[in-house]
Amino acid sequence: MAEDLGTSGPSRLIPARDFFRQGRVFCFIARMEMLEIVHADTGQSTGVCLPRADAIAQRAWCRSTNIFILNHAGEVLCHQRSFGKERLPGTWMTHLGGHVAVGETYESNARKEIEEEAGIRLAHLPLVAWRTTRVPEVRLWMREFVAVLDLPVEAFAPQPGEVERFAWCGPEEVVRRSASGESWKAGTHGFLTDYACMRAAITAASTTGAAPTAEHMHVWHPVAA
């Protein structure tokens, strides 16, 4: 049985519905990030919430997002994680993202993460959802998005404590640097496969009008592994 909202027992399980009363969120939510726990087999809400630290410690199933940003030249916005991070400090990544908190959808979380980590608000920019994956190793249901955005790298503002710097990298450069011994986490299920899927998703979205894309984004020569 879930505990009362005012208690702080070892598990602190809280029904999701109890976070919302008379149209407002309880003020203590602002002091801790609460995650909605989902069913392992379906990714649907169990109706229970946990503080982020507890959810991770208990290996509870949660939701998360990965967001890839490409420009019209086909380059990927990569970033180097802060050297102060507990996990993968200084590692270069090809995507942004984070855990989906209580009250968020996959898409609203993706937009929030981009704004927080890169300082860019994408309120009207189409985000193309191209894959949802169940990942047992980390107990996550991951939804992956891709957006097309042409900005100089200087336009992105690294979030202190999270991101050291940004760089636009072509797929060939990502493959080369990943193989060179540098600390890289390229893609989520194999970078070249991810990249091909994203390019296909962008093309499909543009042909239906769901996302505007320059014509030359449709012409692409696959990168050799």
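The values are calculated or read from the model by the stated rules, or taken from the named source; none is laboratory data. Here the structure is a predicted model, which is why all the values come from computation and not from measurement. Methodologically, a virtual Cβ is constructed for each residue, glycine included, from the backbone with ideal geometry; neighbour enumeration extends over all protein chains shown.
Quick notes on this one:
- Test: residue in the range 150-172 that is within 27 Å of Ala53 (Cα to Cα), in a strand (DSSP E or B) and in contact with a Leu (Cβ under 6 Å, 6 or more places away or on another chain): no
- Residues within the range 73-84 that are among the polar types (S, T, N, Q) and either assigned to a strand (DSSP E or B) or farther than 27 Å from Ala179 by Cβ (or both), tallied: 1
- Criterion violated by Thr42 - all others in (1) among the polar types (S, T, N, Q); (2) surrounded by fewer than 15 Cβ atoms within 10 Å (Cβ to Cβ); (3) not in a loop (DSSP other than H, G, I, E, B) satisfied: (3)
- Flag if Asp18 is part of a helix (DSSP H, G or I) and either of a type in the set (Gly, Ala, Ser) or at pLDDT below 95 (or both): yes
- Among residues of the range 115-126 that are within 14 Å of Leu96 (Cα to Cα), those with a beta-carbon under 7 Å from a residue that is buried (at least 17 other Cβ atoms within 10 Å of the Cβ) and basic (Lys, Arg) at least six positions away or on a different chain give the pairs Leu122/Arg111.
- Once the range 173-187 is narrowed to residues that are assigned to a loop (DSSP other than H, G, I, E, B) and within 17 Å of the chain's Cα centre (by Cα), the residue that is farthest from Ile37 (Cα to Cα) is Ala186.
- Residues that are at pLDDT below 90 and farther than 18 Å from His72 by Cβ, drawn from the range 186-221: Gly187, Thr188, His189, Gly190, Thr208
- Tallying residues that are β-branched (Val, Ile, Thr), farther than 23 Å from Glu86 by Cβ and touching a residue at least 60 places away in the same chain (Cβ under 8 Å) within the range 156-177 yields 1.
- The residue list Leu50, Leu70 contains one member that is surrounded by 18 or more Cβ atoms within 10 Å (Cβ to Cβ), hydrophobic (A, V, I, L, M, F, W, C) and closer than 23 Å to Ala201 by Cα, which is Leu70.
- Within the range 136-149, restricting attention to residues that are charged (D, E, K, R) and not in a strand (DSSP E or B), the residue that is surrounded by the most Cβ atoms within 10 Å (Cβ to Cβ) is Arg139.
- Only one entry in Arg121, Arg87 is modelled with pLDDT under 95 and closer than 28 Å to Ser180 by Cα, namely Arg87.
- Asp41 vs. criteria modelled with pLDDT of 90 or more and among the acidic types (Asp, Glu): yes
- Residue list for the range 89-135, filter: part of a loop (DSSP other than H, G, I, E, B), within 14 Å of the chain's Cα centre (by Cα) and not hydrophobic (A, V, I, L, M, F, W, C): Thr94, His95, Glu104, Thr105
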